[in-house]
Every structure is written in structure tokens, then in C-alpha cells.
Amino acid sequence: MHSSQFPAMYAEIAVALAAGLLSWAYQTIKPPLPKICGSPGGPPITSPRVKLSDGRHLAYREMGVPKEEAKHKIIVIHGFDDSKNLSLPVSQETIEELSIYFLFFDRAGYGESDPYPSRSVKSEAYDIQELADQLQIGSKFYVIGMSMGAYPVYGCLKYIPHRLSGASLVVPFVHYWWPSLPANISKQGFQKLCTADQRTFQVAHHTPWLFYWWMTQKWFPSLSIMAGNMNLFSPPDMEIIKKLSETPKVGQEMVRQQGVHESLHRDILAGYAKWEFDFMDLTNPFPNNEGSVHLWQGYEDRIIPLEINRYIAEKLPWIHYHEVPDAGHLMLFKVELCEAIIRALVLG
């Protein structure tokens, strides 16, 4: 072989290796296609659904008194790795006494609601508005959002405040990169998280295009709650988990059925994206006290750092702040707290 052929041969090998590496890298960062409900090979449709103006479907579940008779209509927004099947421990007596209609729904990509690659704080708020309109529950309604399901409540306060009768943020999601959040407060809360969760939220915020790879790679731990780390739960939470485990959870197998990326990963990406607004851009939707906004924080919560929610409540004094001494992250599933949260919301 002529010596001048060697450089050409090496160049060809280098190009082939680079192409192979690029192809591998692309495959590792590209999420799989979702298994859409009702599509060939996809999960079956078993719940009532509405069709949104963009062609997507949202699955829902109704509970309580009939909407035509109800005095109070509450849309409940589920948290991370949950669905419209979440069970609120509210007694039938309370539901009838307060005349409440509850509307639960699967957020985009969860359960039986179609995935939405462009999911955002804004899209979640408009999904809620459109769901309410399709089901004709009236011009005004309440929203309760728990944990990760609270960022859509912030979306409602920003984009559809005129539709709200009241809002409740229960152990709400916090965004560590809100511009109005002082660096020391953000850092104090962020450093309470375990290292794996800190890294995961940083990847979601700074390099969202790498998120699927990060969540599926095996070298570093990614999200502690998905890894089943029970240290995240305080003693009050463990009591609730023990009680909940006594009755099987309905529909849990359906939560991620369209794909973990479409449900869980996109939830984190939407939450930690760069928002179009900051919490300090929000204004009181009830200047004449015709409704109220509540923020509930458990003092024993190990998932949501209370420093940040305390700060938000200080800066937005129109938010009624409730810090519960012996409560953790799962406070909504404790009977007396759940009823207190609902009463505060509808009775002001």
C-alpha cells in the first residue's frame, strides 16, 4: 500500500467513527415515541375525555354533587407521578354540606390525556380553562394544586385569573431560578435537596435537550423520588403512606402508560423551564375579597423547602399563608387537613 494512502484511510476511519458516535449520541438523547391511548398498539381509552381546540384529548373524572346543583366547583390538579384517580379524603357529609362538585383530570401525557411536547406553565392553565368550558361548569371555578400540580395554579393566577373563584397551592412546587428570588433564599432551599435532585433540576433548567439522556443514564443517580428513596418522607408522611397502603390505589398502573418521558420527564421540564413570568409579576385576583388564594406548607416537608414558600408569602401578602407544624409533604391526604384546606378555599 502506498504511504500516501494511509492519511486518507485514517481520515475515512475517523469520519466513520465520528458518524457512529453522533448517531449513538442522538439515539441516547432522543426520547422514544409515546404510546398514545387509543392508537394501534397503545393503551385503551377507558375514561371520559374532552377534545381540546388543538385536537388533543384530556381525560377527566367527576365527584361530589352534580355540577348543575353545586355551589362550589373545584378543579383538582394532581402532582408528580399521579393522575385524576387521586383520592381526596373528604367525607360525603362535608361535600354535601358545602355543596361541592370536584373535577379531576389527567394532565397532558399522564394517564389517558394525550401527550403534549410543548407542555408549559401556560399550556396547563389554558388546558384547565378549556376543560372547564367543554364541561360547562360555569364562568368561575376554584383550583387546588398539590406539589408539582401547583405550577399550573401559578399559571392560572397569571393567565386566567378572571376565571377563578379561589386558588389553593398545597405544598407547592418551587422554582429555584425565579428572577425575584434572592440568591441566598434560593440557595438555602436548594441545598436542602439531595445532590442527585439538585443535578436533575439543574439539567432540566439549563440543558433541557439533555434531560432524557440524564434520566435514563446509569452512571449517576438522577431523581431520588423515582429511585424510591424513602428518606424524602418525614415521620408524618410515613404515617400517611402506611394508612394509604392499606387500600390499593386505583389506576396507578395507568399513570405512566404513554411513556415515562411524556408524563414524568415533561412535567419536570415544564416546571423548571424559563417561565414567561415571575411570582412577583402576579397580582391579587381578588382585590375586593370576592375570593382568596391560599398557600399551605408543611413544616416537616422534606421535598419542598419552606424557606422559599415563606418568602413568596411575605412578598405577596394577598396570599393566605398556612404553615402547619406537624405536617409533611402528603398533608392533603390527611382527613382533617384536607377538609381544612377545602373549607378555607370555599369559605374564605
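The values are calculated or read from the model by the stated rules, or taken from the named source; none is laboratory data. In this text the structure is predicted, and so the values were computed from the model without any measurement. Cβ sites come from the backbone with ideal geometry, for glycine too, and all protein chains shown count toward neighbours. When the accessible area is computed, the model is the full protein with side chains, heavy atoms only, and any ligands, DNA or RNA have been set aside. Shrake-Rupley method; radii C 1.70, N 1.55, O 1.52, S 1.80 Å.
Is it fair to say residue 192 is in contact (Cβ under 8 Å) with a residue 12 or more places away in the chain, among the basic types (Lys, Arg) and closer than 20 Å to residue 323 by Cβ? Spelling it out, residue 192 is indeed in contact (Cβ under 8 Å) with a residue 12 or more places away in the chain, among the basic types (Lys, Arg) and closer than 20 Å to residue 323 by Cβ.
For the residues 323, 276, the requirement of being of a type in the set (Asp, Glu), open to solvent by 30 Å² or more (accessible area, probe 1.4 Å) and farther than 30 Å from residue 117 by Cα singles out 323. For segment 107-148, which residues satisfy the criterion of being open to solvent by 10 Å² or more (accessible area, probe 1.4 Å), in contact with a strand residue (DSSP E or B) (Cβ under 9 Å, 6 or more places away or on another chain) and among the hydroxyl-bearing types (Ser, Thr, Tyr)? Those that are open to solvent by 10 Å² or more (accessible area, probe 1.4 Å), in contact with a strand residue (DSSP E or B) (Cβ under 9 Å, 6 or more places away or on another chain) and among the hydroxyl-bearing types (Ser, Thr, Tyr): 142, 147. Within segment 280-320, the residues that satisfy the criterion of being of a type outside the set (Asp, Glu), closer than 14 Å to residue 161 by Cβ and touching a residue at least 12 places away in the same chain (Cβ under 8 Å) are 282, 283, 284, 285, 286, 291, 292, 293, 316, 318, 319.
Name the residue, out of 179, 172, that is in contact (Cβ under 8 Å) with a residue 12 or more places away in the chain, in a loop (DSSP other than H, G, I, E, B), open to solvent by 80 Å² or more (accessible area, probe 1.4 Å) and of a type outside the set (S, T, N, Q). Lay out the reasoning, then the answer.
Values: 172 fails: open to solvent by 80 Å² or more (accessible area, probe 1.4 Å).
None of the other options fit; the residue is 179.
Taking the criterion of being among the hydroxyl-bearing types (Ser, Thr, Tyr) and at pLDDT 95 or above, would at least one residue in segment 20-29 satisfy it? No: segment 20-29 contains no residue that is among the hydroxyl-bearing types (Ser, Thr, Tyr) and at pLDDT 95 or above. In the set (1) of a type in the set (Val, Ile, Thr); (2) surrounded by 22 or more Cβ atoms within 10 Å (Cβ to Cβ); (3) out of contact with any Phe, Trp or Tyr (no Cβ under 7 Å at 6 or more places or on another chain), residue 160 fails one condition alone, (2).
Entry remark, segment 225-241: residues being over 17 Å from residue 201 (Cα atoms) and open to solvent by 70 Å² or more (accessible area, probe 1.4 Å) number 5 in total.
Criterion first (over 30 Å from residue 59 (Cα atoms), modelled with pLDDT under 90 and not aromatic (Phe, Trp, Tyr)) does residue 218 satisfy it? Criteria met by residue 218.
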